[in-house]
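Visitor: Quick one: structure below, then a few questions.
The values are calculated or read from the model by the stated rules, or taken from the named source; none is laboratory data. A quick note: this is a predicted structure, and the numbers were derived from the prediction, not measured. Note that we place each Cβ from the backbone using ideal geometry, even for glycine, and neighbour counts take in every protein chain shown. Just the protein is used for accessible areas: all its heavy atoms, side chains included, with ligands, DNA and RNA removed. Shrake-Rupley method; radii C 1.70, N 1.55, O 1.52, S 1.80 Å.
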Amino acid sequence: MGEESRMLNGLAVSLRTALLYEPHNEAMLTSVRRAYEILEPRLNTNGESTISIHNRCFFVDMTRIRVTASDFHRLEYLMQLFADWGIAALRFHAGLSERELARASKILATEPVCDPVVLAERLAESEVEHVSVVPESDSDASSDELTNTAVTSYAACIEAASAASSEIENDASLGLRRLRHVTQSVVDRVLRDPASMISLTTIREYDTYLLVHSTNVAILSVILGQRLGLTKARLGELCLAALLHDIGKVRVDPAIVRKEGPLTGEEWEEMLLHPLLSADVLLARDKITPAIMLAVTVAFEHHLNFDLTGYPQHAYVTAVALPARIVSIADRYDAMTTARPYRDYTITPAEALHHMISLAGSHYDPLLLKLFVEMMGAYPVGTVVALDTGELCLVQRPPLPAAALDRPVVRVLEGPREGTLYNLADKSEGGLFLRSVVKIINPGNQGMLAAVDPSLLVID
């Protein structure tokens, strides 16, 4: 179990314990101490830490927590508590003490439920100064509210993709206004904090693969479009097109889409139809706008390669449109780095980039791919790496501006400073790097090293 999962479970246990014991009780303090021991280093490093719930998904800061069956009975109580109080998140601030956390847990677990404003007042009255609550956004929130956090934007995008799929399955009209509202919030968030949005695209879940995949592709496409210098209006259209690029899969036999093994020839032939089906779904709208026509083009062309190979077969496309070339890169990167039941080997983010680089000029636009590699870094977010210090780390953020591609920000997973953030671009007074990557680890394959030479991850 990772640090974030232990922190989430620790808080859930503390809240359940608070139902039975007073804050000064030893059993209560022991329960709180376990959560606090994980929380305190994060507060010392980052100044604050947030536990949030969006669309029944748990997040610790920017990390989504996978919930196992054994964890669910504890976390279900936490989810219900958030719902009862009408809050989306709890935020913990530097300076928090164990006893203050115990008092906060007691208030949350036992005080009569009311609205978040009164809850904040009760915390203040009990001298809880380093825990704050974030109220749930109204379902008809304004664009500013939707873009308040990267997590909120990401969750709203998944919800919009889900709603769009349901509308098509039920032969209902596609809610374009809602989709444009959500995609604009994604663009706003990308323009404010692209690194946080990249971090969220490391979410990988097979059971909701199509929804999460479409959201990840939309975000990566917008960030790449931003690198290319597209205007905000063009980025909004690109985000919408990317979110809908696979919408035709709702017309493919669900047994084929969800099959946990290799497709047969006949099944593959049906799957190859999804670009045509996606274009057909979008063209079926009563009103065809320029944004919809762009989405139609992207849906039809996103599996055409830069050299016009790929599918569907065509007789009139002389060049793949720029938005489709952008979405193609984001689509294939996300697909390659998502574990699937029928694959024996899970591809690391670095391996995916290496493979894509080998196809620059044939499958991918070389200029766009160069920008994508610069955007992701030599070790993309989500890569597990071993440092020359002996520590095992997770890449948390791409390299900071002006840093080399192989110098991302990492968080220690194993080592004496577990949970600490390192900027691998930091140097000693003598001008030498303090830490460097020596190996890429593939945790999806029992720690097998990725077969990648890091020097090959840069395009000239």
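Visitor: Set Lys and Arg Cβ to +1 and Asp and Glu Cβ to -1, take the dipole of the chain about its Cα centre, and tell me which of Leu308, Ser214, Gly382 lies farthest positive.
Guide: Positive-most Cα among the choices belongs to Leu308.
Visitor: Here is a follow-up. Calculate one ³J(HN,Hα) per residue across region 3-15 by plugging θ = phi - 60° into the Karplus curve 6.51 cos²θ - 1.76 cosθ + 1.60, and present them in order as whole Hz with x for glycine and proline.
Guide: So the J values, rounded to whole Hz, are 4, 5, 5, 5, 5, 4, 5, x, 5, 4, 5, 4, 5.
Visitor: Leaving out ligands, DNA and RNA, what percent of the accessible area of region 251-320 is carbon and sulfur, probe 1.4 Å? Can you show the working numbers first?
Guide: Numbers: 2280 of 3950 Å².
Whole-percent figure for carbon plus sulfur exposure: 58.
Visitor: Using Cα atoms only, what is the angle between the long axis of helix 69-85 and the major principal axis of the chain, expressed in degrees (0 to 90) to the nearest 10?
Guide: Roughly 80 degrees between the two axes.
Visitor: What is the spin-label model distance, in nm, from Ser162 to Ala233 if the labels are put 7 Å beyond Cα along the C-beta direction?
Guide: Result: 3.4 nm between the two label points.
Visitor: While we're on this one: For a quick check of your reading of the filter: which trypsin sites (Lys or Arg not before Pro) in region 252-328 sit in a DSSP loop and have no more than 13 other Cβ atoms within 10 Å?
Guide: On the way: sites: Arg258, Lys259, Arg285, Lys287, Arg325; in loops: Arg258, Lys259, Arg285, Lys287.
Here the sparse-neighbourhood loop sites are Arg258, Lys287.
Visitor: Setting aside same-chain residues fewer than 8 positions from Lys439, which lysines have a Cα under 21 Å from its Cα?
Guide: Within reach: Lys427.
Visitor: Provide the per-residue ³J(HN,Hα) series for region 16-28, in order, calculated from phi with Karplus coefficients 6.51, -1.76, 1.60 and θ = phi - 60°, each as a whole number of Hz, with x at glycine and proline positions.
Guide: 5, 5, 5, 5, 9, 10, 6, x, 8, 5, 5, 4, 5
Visitor: In the full protein assembly as shown, how much of Val317 is accessible to a 1.4 Å probe, in Å² to the nearest 10?
Guide: 20 Å²
Visitor: Here's a follow-up. What's the whole-number percent of alpha carbon pairs in the chain lying beyond 37 angstrom? It would help to have the intermediate numbers written out before the result.
Guide: Details: 32005 of 105570 pairs.
Value for the chain: 30 percent of Cα pairs lie more than 37 Å apart.
Visitor: Taking K and R as +1 and D and E as -1, what net charge do the other residues with C-beta under 14 Å from the C-beta of Gly236 add up to? Don't skip to the end; give the middle numbers.
Guide: Numbers: positive: Arg177, Arg178, Arg180, Arg189, Lys232, Arg234; negative: Asp188, Glu237.
For residues surrounding Gly236, the net value is +4.
Visitor: For region 337-416, list log₁₀ I(q)/I(0) at each q in 0.19 Å⁻¹, using the Debye formula over Cα point scatterers of equal strength and ignoring solvent, two decimals each.
Guide: Computed log10 I(q)/I(0) values: -0.89.
Visitor: Per the helix-only calculation at 222 nm, which mean residue ellipticity applies to the chain, given -39500 (n - 2.57) for every DSSP H run of n ≥ 4 and division by its residues, nearest 500 deg cm²/dmol?
Guide: -15500 deg cm²/dmol
Visitor: Ordering His93, His302 from largest to smallest accessible area (1.4 angstrom probe), what's the sequence? Write out the running numbers ahead of the final one.
Guide: On the way: His93 50, His302 0 Å².
Listed by decreasing accessible area, they come as His93, His302.
Visitor: Mind jotting down the distance between the C-alpha centroids of region 346-378 and region 23-57, whole Å?
Guide: Computed from Cα coordinates, the inter-centre distance equals 39 Å.
Visitor: Using a 1.4 angstrom probe on the protein heavy atoms only, line up Leu392, Leu20, Leu43 by accessible area, largest first.
Guide: Details: Leu392 40, Leu20 135, Leu43 5 Å².
Heavy-atom accessible area, descending, gives Leu20, Leu392, Leu43.
Visitor: So how much accessible area does Lys427 have, in Å² to the nearest 10, using a 1.4 Å probe?
Guide: Roll a 1.4 Å probe over it and Lys427 shows about 110 Å².
Visitor: Now, a different point. Using only the heavy atoms of the protein chains and a 1.4 Å probe, how would Thr337, Thr63 rank by accessible area, largest first? Intermediate values should be presented prior to the final figure.
Guide: Numbers: Thr337 15, Thr63 40 Å².
The most accessible residue leads, giving Thr63, Thr337.
Visitor: I'd like the accessible area for Cys239: 1.4 Å probe, protein heavy atoms, all chains in place, Å² to the nearest 10.
Guide: Cys239 exposes around 0 Å² with every protein chain in place.
Visitor: In Å², what does the accessible area per residue of region 3-59 work out to with a 1.4 Å probe? Intermediate results must be reported in sequence, preceding the final value.
Guide: Numbers: 2480 Å² over 57 residues.
Dividing the accessible area of region 3-59 by its residue count gives 44 Å².
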